[in-house]
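Everything below concerns the one structure shown next.
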Protein chains: 2
Amino acid sequence: MANKKVRREKSENVEQMILNVAEDIFLEKGYAMTSTTEIAKRVGCNQALIHYYFRTKERLFEKLFEKKFVSFISAVVLSKERSANFKDVVRSIIESHSEIISQNPRLPFLIINEMTTNPVRFRVIAEKIKDTVGSLLSGIDSELKKEIEAGRVRDISAFDLFLNILSLNLFVYIAQPLISHVRDYSFEEFVKFTKLRSEEVFLTVWGGICINENI
Amino acid sequence: MANKKVRREKSENVEQMILNVAEDIFLEKGYAMTSTTEIAKRVGCNQALIHYYFRTKERLFEKLFEKKFVSFISAVVLSKERSANFKDVVRSIIESHSEIISQNPRLPFLIINEMTTNPVRFRVIAEKIKDTVGSLLSGIDSELKKEIEAGRVRDISAFDLFLNILSLNLFVYIAQPLISHVRDYSFEEFVKFTKLRSEEVFLTVWGGICINENI
DNA sequence: TATTTGTTTAATAGCTCTATTAATTGTCTG
DNA sequence: CAGACAATTAATAGAGCTATTAAACAAATA
């Protein structure tokens, strides 16, 4: 039994290495530009081994990302905390959203890339996203309307507000290679930059909806 | 001579058709996912004809986009109009930027896609972008600092302000397939939506930097 | 009509990729 | 040690892609 465990451990190590390496390359280049040959080379094993463990490249990809896509998308919804103060609601949405992205910095690019280049994957993911977004919006909507009626927030649709948050939080990650190059950031410096920028995003989103006599 | 013209016209039609079709597919799927076979099929000609006119797939791509990338990027800079009012400067940057994007709605996705998946193309484009962004930022910077010192605008870096504009203007286009699906937009409806959203972007960017006692 | 020149096609070489198969190696078990 | 079973590899089929080549076609010209 102990021996069997050792065996399994060994194989699980290779299996896990394949998963790790594959995740890295998929995130870096997207599905189409990643070859099982390249994964094998980086792992240091035979290319057939990847098919031994995962049968097809497609299954390997799904094993890695199917769950991740959905949990990533719905994480935004789940994070919505009730608070007496609408400002704090907005802040908490932005911060938890930002937090989730920073844990998966290349995932937004991959999602968008797969969904636009691969029509099959589009259909699979799109429906789940639609539901998720729908429930998030209806969740915000009533509170937002109250604020608008009370004259504390300018007239804005929940969808526009939602898009503002998504845009400001996601764009820096989607354009990360470009930004890193323009600013000569190492990856660590880029991470630090996004941390600092998080407050910037809140100020912009909140300043953008808060009633302001100076405008 | 007139005859020769007829001949040329005929060939130019096919050549032009190839360019048109190729542009569509490249914009839709990116370089890697587009095959010369598919282009030929959509044009209705033999696949070898594409190589007859453009020699390689790479050259065809470059012919279409090398200039476009640069002009697209630098259009933002060129559009900066001097105005007595800083608010109007910001507005004009946002509006002309938004206008340029709406004329090339799929280009931002292609640029990001190519730059992240293709390291060769990255180097070619990245340098030009770096210069362009640099000169834009220094152009805004002095005016922005004056506004901050005068207490009309909160303390913000030119780069953060620039990113706010880019994020809010670009994200909807990058995520277009997703947004269209979530909201059940036809392409026309999507275009109409972006037109309406343009004012939204200004309100958010400006509200996000304008001094506001209510925050 | 024969020739020239530009356009288009069919055929195919050569490459890379995915996936399968059969053979090989390594390890535990009886 | 022999046999069993998992892990790993070598070899390769089969598909799709880019690019080239040679041949066919079309139209103007001499």
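Just so you know, all these numbers are worked out from the coordinates, no wet-lab data involved. Owing to the predicted nature of the structure, the values given are computational and were not obtained by experimental measurement. Neighbour counts run over all protein chains shown; Cβ positions are idealised from the backbone, glycine included.
The distance from the alpha carbon centre of region A:168-206 to that of region B:6-75 is 35 Å, rounded to a whole number. Counting only alpha carbon atoms, the long axis of helix A:2-29 and the longest principal axis of chain A meet at about 50°. Across region B:18-63, the convex hull enclosing all Cα atoms gives 59 Å³ per residue. Computed extension length for B:Tyr185-B:Asn20: 56.9 nm, one decimal, from 0.36 nm per residue of separation with the Cα-Cα distance subtracted.
Can you give the local net charge around A:Val70? Use residues other than it whose beta-carbon is closer than 11 angstrom to its beta-carbon, Lys and Arg +1, Asp and Glu -1.
Working: positive: A:Lys67, A:Lys68, A:Lys128; negative: A:Glu66, A:Glu127, A:Asp131.
So the surrounding residues net to 0.
The angle between the Cα long axis of helix B:119-149 and the main principal axis of chain B comes to about 20°, on a 0 to 90 degree scale. If you line up the long axis of helix B:158-174 against the longest principal axis of chain B, both from Cα atoms, how many degrees apart are they, to the nearest 10? Helix B:158-174 sits roughly 40 degrees off the main axis of chain B. Considering only B:Asn212, B:Leu64, B:Leu166, the residue lying farthest towards the positive end of the dipole of chain B is B:Leu64, judged by Cα position with unit charges set on Cβ. Taking trypsin sites (Lys or Arg not before Pro) across region A:90-163, the ones in a DSSP loop with at most 14 further Cβ atoms lying within 10 angstrom of their Cβ are A:Arg152.
Cross-link partners of B:Lys67 among aspartates and glutamates, defined as those whose alpha carbon lies under 15 angstrom from its own and excluding same-chain residues fewer than eight positions apart: B:Glu23, B:Glu58, B:Glu114, B:Glu127. Across all directions, the shadow cast by the convex hull of the protein assembly as shown built on its C-alpha atoms averages 26.8 square nanometres.
How much FRET efficiency would the formula 1/(1 + (r/R0)^6) give for B:Lys146 and B:His51, where r is the Cβ-Cβ distance and R0 is 60 Å, rounded to 0.05?
0.60
Note: region A:89-160, Cα convex hull, 99 Å³ per residue. Cα convex hull, region B:130-204: 106 Å³ per residue, rounded to a whole number.
With all pairs of separate Cα atoms included, chain B yields a Kirkwood hydrodynamic radius of 19.8 Å.
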